[in-house]
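S.K.: Can you read through this structure? Questions will come right after.
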Amino acid sequence: MLRNFMQPTTKNNLSEAITIVEKQVEARQETSPPAPKPAPREEGNKLTVGPNIKLKGSEITDCEILVVEGRVEASMNSRDIRIAEGGVFSGKAEIDVAEIRGSFEGELTARKQLVIYSTGKVTGTIRYGALTIEEGGVIEGEVAAISKGTQSAKTVNITEQQIKAVPSPSEKAKTEHIYASSVLGRTPLGGRRG
């Protein structure tokens, strides 16, 4: 191919050279991996209230992610709230996802998901799309799931004493189900007792 470029150019040689280069470019595009897509934007306008900091105000606005390591007394409508262990949020929050390792006191609406970790405690009026509570996590107050179709909520009052941890998969395997028919004159294999 290089020899073609060194020879005196004619219209034919030039068009052949262009055709060869175009084929090589196409071949490289087919064999090369696709260009990496930009990573989804996980972070946005982020406010971090550090340890030993107290933020007291009426409303937090234009904040997509609030990280609470100290104490916040306010109301907010945002995308995410992350309360660290030792952090406290007191007030009203309407957000998409809440991750609670510290303490939340007040009105909380987690439109998509509420996650309470083992060190977390949520008290007050709580609305959630999906709920996950790690063993040791606490939820108290008026608790309601948001129905996906109607945006209405079914309310249940919960106290700390009413919540029991979900058994681990190994504990579930040990659970034996007893049905009425198996108790009345049947062997463990399902046959009738003699």
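The numbers here are math on the coordinates, done by the rules we state, and not lab data. As the structure is a prediction and not an experimental result, all values here were calculated from the model. Virtual Cβ from ideal backbone geometry, glycine too; neighbours counted across all protein chains shown.
S.K.: Between residue 45 and residue 64, what is 0.36 nm times their sequence separation minus the Cα-Cα distance? Round to one decimal in nm.
M.R.: 6.3 nm
S.K.: While we're looking at this one, here's another question. Using the crude model of +1 on Lys and Arg Cβ and -1 on Asp and Glu Cβ, and no other charge, please compute the dipole size for the stretch 46-166 relative to its Cα centre, in debye to 20.
M.R.: 160
S.K.: While we're looking at this one, here's another question. Quick one: what does P(r) look like for the stretch 40-97 with 5 Å bins over all Cα pairs, in whole %?
M.R.: 5, 21, 32, 27, 11, 3, 1
S.K.: Could you give me D for the stretch 46-166, from Stokes-Einstein at 37 °C and 0.692 mPa s, where the hydrodynamic radius is the Kirkwood radius over C-alpha pairs? Units µm² s⁻¹, please.
M.R.: 233
S.K.: Mind listing the phi-derived Karplus ³J(HN,Hα) values for the stretch 125-138, rounded to whole Hz, using 6.51, -1.76 and 1.60 with θ = phi - 60°, and x for any glycine or proline?
M.R.: 9, 10, 10, 8, x, 9, 10, 10, 10, 6, 4, x, x, 10
S.K.: Would you grab the residues whose amide H sits under 5 Å from the one on residue 73? Only those 5+ places off in sequence or on another chain, please, with H modelled 1.01 Å from N.
M.R.: Those qualifying (amide H under 5 Å, at least 5 residues apart or on another chain) are 55, 56, 57, 90.
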